[in-house]
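Report on the structure given below.
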Amino acid sequence: MALVLYHHPMSRAASVVWMLEEIGQPYELRFVDIASGEQRGDDHRARNGMMKIPVLEDGDVRVSETAAIGVYLADRYASGRLAPALDDPDRGPFLRWCFFAPSVVEMACMAKSSKWPYSPGSAGFGAYEDVVATLDEAVTPGPWLLGDRYSMADIIVGATVRFMHRFNMLDRTDPLVAYAERLEARPALVAANKKNADIIQERGLGRS
Ligand SMILES: N[C@@H](CCC(=O)N[C@@H](CS)C(=O)NCC(=O)O)C(=O)O
């Protein structure tokens with residue numbers, strides 16, 4: 001049975017298409033019209049009480065939260081390839097980066113761009129400058145977060161970096177720009193970009 005992704009091409013769900021292209025399993029995209037508020041209807045609310053996309057369904061299994069979807073897909077369909085096995089020493093850093101993207105990078109970028117008053121010593125995501133420095137160091141020399149080993153952590157962190165760069169919420173440091181360029185060359189990302197762009201065009205999205 002195909003994996004089902006509740007999707008809109010101009011949302012975080014676009015990154016899950018990249019994940020799906022990387023794992024190489026058949027999948028189906030179901031469009032959720034977030035511009036018209038479809039995500040707040042009863043059908044989608046039953047899938048995710050937060051009324052947000054992406055949501056992935058794999059038979060009886062349902063997963064929301066982009067990073068959780070990534071870890072689920074890697075463990076379930078690409079263990080040893082995109083996810084280090086449970087007893088692999090790379091598993092620790094792998095999990096660290098998968099959690100770092102939503103809980104630290106996203107939050108710090110949001111706090112900085114929204115000028116939230118907060119104390120970095122109390123906030124779990126710390127100081128924005130420390131986050132950028134940590135990311136710079138993590139992708140240098142690279143090429144990937146686990147050194148020579150490309151993993152779902154790169155897709156999760158890379159998707160966050162791309163998203164934040166797109167909205168000018170994260171510094172375009174030389175290491176992060178070079179990392180993003182390496183990611184753009186991944187055939188799975190090229191394929192996902194095309195799929196998302198085709199849907200944008202077919203549905204006439206992004207036009208004012
Ligand atoms: N923490 C969630 C965030 C998901 C999210 O914010 N999705 C946005 C699109 S990028 C959405 O569904 N927005 C519609 C709404 O909030 O009404 C994740 O990482 O998946």
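The values are calculated or read from the model by the stated rules, or taken from the named source; none is laboratory data. Everything numeric in this text was worked out from a predicted model, so none of it was measured. Positions of Cβ are generated from backbone atoms using ideal geometry, with glycine treated the same way; all protein chains shown enter the neighbour counts. What goes into the accessible areas is simple: the full protein's heavy atoms, side chains included, and nothing from ligands, DNA or RNA. Shrake-Rupley method; radii C 1.70, N 1.55, O 1.52, S 1.80 Å.
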Cα convex hull of segment 1-113: how many Å³ per residue?
115
Expected output is a single nm value to one decimal: the length gained when fully extending between Gln25 and Ser79, i.e. 0.36 nm times separation in residues minus the C-alpha distance. What is it?
18.1 nm
Nearest-10 value in Å² for the accessible area of Ile34, using the 1.4 Å probe
60
Given +1 on the Cβ of Lys and Arg, -1 on the Cβ of Asp and Glu, and no further charges, what dipole in debye does segment 91-186 carry about its Cα centre, rounded to the nearest 20?
300
Which three extents, in angstrom, do the Cα atoms of segment 91-186 have along their principal axes, listed largest first?
38, 28, 18
Quick one: ranking Tyr118, Tyr179 by accessible area, 1.4 Å probe, largest first, what do you get?
Tyr118, Tyr179
Counting DSSP beta bridges with both partners in the chain, what percentage is antiparallel, nearest 5?
60
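Filter the DSSP H helices in the chain by two things, a Kyte-Doolittle mean of at least 1.0 and an axial alpha-carbon span of 24 angstrom or more, and list the hits by number.
Helices passing the filter in the chain: none found.
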Largest first, how would Phe94, Phe167, Phe100, Phe31 line up by accessible area (1.4 Å probe)?
Phe167, Phe31, Phe100, Phe94
Using label points projected 7 Å from each Cα along Cα→Cβ, tell me how many nm separate Arg203 and Met51, to one decimal.
1.8
Could you tell me how many cubic angstrom of Cα convex hull volume the chain has per residue?
142
Can you tell me the length gained on complete extension of the stretch Asp60 to Asn168, counting 0.36 nm per residue apart and subtracting the Cα distance?
35.1 nm
Among the listed pairs Lys112/Lys194; Lys52/Lys195; Lys52/Lys112, give every one whose C-alpha distance is greater than 30 Å.
Lys112/Lys194
Roughly what would the spin-label model give for Asp88 and Ala2, points 7 Å off Cα along C-beta, in nm?
2.9
Helix-only mean residue ellipticity at 222 nm, the chain, DSSP H runs n ≥ 4 weighted -39,500 (n - 2.57), per residue, nearest 500. What is it?
-14500 deg cm²/dmol
So Ser113 and Asp42, fully extended at 0.36 nm per residue minus their Cα-Cα distance, gain in nm 22.3 nm
